[in-house]
Amino acid sequence: MRGEVIAANWKMNMDVCSAWQYLERLKKAWKPSSQRVVIFPPFTLLWLVGMGLQGTGVELGAQDVFWEATGSFTGEVSPLMIKEIGCNWVIVGHSERRNILLETDQMVAKKARAAVDNGLTPIICVGESWEEKQSGLGEAKLRHQVNAALSGFSAHEVDKLVIAYEPIWAIGTGRAAAPEDAAWAASLIRGTASDLWGDRAAARLRVLYGGSVKPATAGDFGARPELDGMLVGGASLNPHDFAGVISGWAERRRFPTLQAGGLG
Ligand code: PGA
C-alpha cells in the first residue's frame, strides 16, 4: 500500500511572525486526514515551525540538503542537522535549484542518497520545460532525471523514496498540468523505476504531482489513482487554501482496492 503525502513548499517566503500566525490559522482550518501532511519552511524557520506543529500530526521537512554530514562546506546544511531539528523529509532537485543554482542530476542523486542514509525521506523533483514538452523531448527528460536519481538505490529502498512530477511550465504559472497528463507522467516514472528494480518494487514508488495546484483543482488530482499526493507551492502559503487543497484531494480519493493492491 502506497501512503499519500500532501506537501507545502513555502520556498523563500514567510518570517517568524507570519509563520506563527499561519500555524495558528492552519490548526483552526484543519481537519485530520489520512494523508501525511508535511510543511517545508525555509531553514531559518524550521525550529519555530517544528515547535508550532507539535501534537498536530503535521510533519516537518527541509527544502534542500547537502550530501556531506559535517565539515568545511560554508553555507550548506547537512542531513544530520536537518534530522536533529525534527525533519523527516527533504525536497531535493527542485527545478528552481536545478535551473537557478545549476544543480546537476549527479548532485541531486547524492543529496537523495545522503537523505535516505540519514533517515530522511527525499521528495525528488523531476519535470520537463515547456520547450522540451513542445519539441517532444519531455518523456526522455523525465526518464533521464528519474533514472539518474534512482539508480543509486536498490529495490528494497523504494518505500523510502518519493518522486514529485513537477513540469517546470506549471510551477507558479497558474497553468497546472491536466490531471490525466500528470497521471500519465506518474506511470512513466514508475515504468522507469521498473526498468531498474522490476514491476513489484516500482508499483510501490510514491509519485506526487506539483505545479499550480489550487483548492478548486486538488480533487481532480486526488481522483487519479496513479498519483499519491501533491507538492503545493503558492497555495500552501495561505493556511485556508492549503487546508482546502488537502480536503479537496481527500474528498475525491476513493480507491481502497487500488491503494491496497498497488498500481503498476
Ligand atoms: P506552485 O509551486 O504550486 O506555486 O506552482 C509548486 C512547487 O514549486 O513545488
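None of the figures in this text is laboratory data; all of them are computed from the coordinates on show. Note that this is a predicted model, so its numbers are computed, not measured. Because the Cβ atoms are built from the backbone with ideal geometry, glycine has one as well, and the counts that use them run over all protein chains shown.
Scalar couplings 3J(HN,Hα) for the stretch 86-94, obtained by applying the Karplus form with A = 6.51, B = -1.76, C = 1.60 to θ = phi - 60°, are x, 7, 10, 10, 8, 8, 10, x, 4 Hz; x denotes Gly and Pro. Measuring against 23 Å, Cα to Cα, the residue pairs 31/111; 83/214; 110/160; 11/110; 11/214; 110/214 contain 31/111; 83/214; 110/214 as the ones spanning a longer distance.
With contacts taken as Cα pairs under 8 Å at a separation of at least 6 residues, the chain carries a relative contact order of 20 percent. Protection proxy ranking, highest mean first, for peptides 133-142, 211-220, 45-54: 211-220, 45-54, 133-142, where packing is the per-residue count of other beta-carbon atoms within 10 Å, averaged.
Counting only aspartates and glutamates at least 8 places from residue 28 when in the same chain, those with an alpha carbon closer than 16 Å to its own are 241. Normalised by the number of residues in the stretch 73-131, the average gap of Cα pairs under 8 Å and 6 or more apart makes the relative contact order 46 percent.
For the chain, what does the equivalent ellipsoid look like in terms of its semi-axes, each the square root of 5 times an eigenvalue of the Cα gyration tensor, given largest first in whole Å?
In descending order, the three semi-axes are 25, 23, 18 Å.
A simple charge model with +1 on the Cβ of Lys and Arg, -1 on the Cβ of Asp and Glu and nothing else charged puts the dipole of the stretch 27-139 at about 600 debye relative to its Cα centre. The alpha-carbon of residue 133 sits under 18 angstrom from the alpha-carbons of these lysines, leaving out residues fewer than 8 places away in its chain: 141. Along the axis of the charge dipole computed for the stretch 117-264 (Cβ charges of +1 for Lys and Arg, -1 for Asp and Glu, origin at the Cα centre), the listed residues 235, 216, 201 are led at the positive end by 216. Distance between the 7 Å Cα→Cβ label points at residue 18 and residue 56: 1.6 nm.
The stretch 114-149 and the stretch 1-65 have Cα centres spaced 24 Å apart.
Here the residues 123, 82, ranked from fewest to most Cβ neighbours within 10 Å of their Cβ, fall in the order 82, 123. Close amide-amide hydrogen proximity is noted between residue 162 and 124, each under 5 Å apart and 5 or more residues distant or on a separate chain (H modeled in the peptide plane; Pro and chain starts excluded). Amide H to amide H distances under 5 Å link residue 5 with 36, 229, 230, where only residues 5 or more positions off or on other chains count and H is placed in the peptide plane.
Counting neighbouring Cβ atoms within 10 Å and putting the fewest first, the residues 189, 168, 85 line up as 85, 168, 189. The H on the amide N of residue 213, modeled in the peptide plane, is under 5 Å from the matching H of 233, each at least 5 residues off or on a different chain.
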